[in-house]
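The structure appears right after this line, and notes come after that.
Each value in this text was obtained by applying a stated rule to the coordinates, not by laboratory testing. For clarity, every value in this text was computed on a predicted model and none was experimentally measured. Glycine gets a Cβ as well: all are built from the backbone with ideal geometry, and neighbour counts include every protein chain shown.
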Amino acid sequence: MNVAFPRLLKSAYRKDPIVSVLITMGLIDALIGGFDDSWSLFAFGLGTAGLTLCWRLFKIQQNRPLQEAETASQLYLPPRSSSSALPMLSVQKKKPPQ
């Protein structure tokens, strides 16, 4: 777990840094509020982390239909050429003048 956890954090911060910072702030506030018996700070921290997580899930749900629509391939060239095939070229050797 020591190796996997920092990699997970780095990838989360790179993908969406604002959401990651807000979730981290909310969890730290909840931890401080829980240990200090400050229930308002605990509730504020849980609310911040929860709302941010819901916002992130909402953004993920919005992006999914766009990715499915982009999977259709576009063909820029027709499957067959409209012109006929070119004849094979052969090199004819010229006879030197005598």
Which angle between 0 and 90 degrees, to the nearest 10, do you get for helix 4-15 versus the longest principal axis of the chain when only C-alpha atoms count? 70
Using 7 Å Cα-to-Cβ label points, what is the Ala43/Phe5 separation (nm, one decimal)? 3.1
In degrees, nearest ten, helix 39-69 long axis to first principal axis of the chain (Cα): 20
How high is the relative contact order of the range 16-66, given as a whole-number percent (alpha carbon pairs under 8 Å, six or more residues apart)? 36
Can I get the semi-axes of the range 16-66's equivalent ellipsoid? Compute them from the C-alpha gyration tensor as square roots of 5 times the eigenvalues, in angstrom, largest first. 27, 9, 5
Run the paramagnetic zone check for Trp55: 7 angstrom along Cα to Cβ, then residues of the range 12-39 with backbone nitrogen under 12 Å. 17-26
Once you place label points 7 Å from the Cα toward the Cβ at Asp36 and Tyr76, how far apart are they in nm? 6.0
Out of all Cα-Cα pairs in the chain, roughly what percent, to the nearest whole number, are more than 19 Å apart? 70
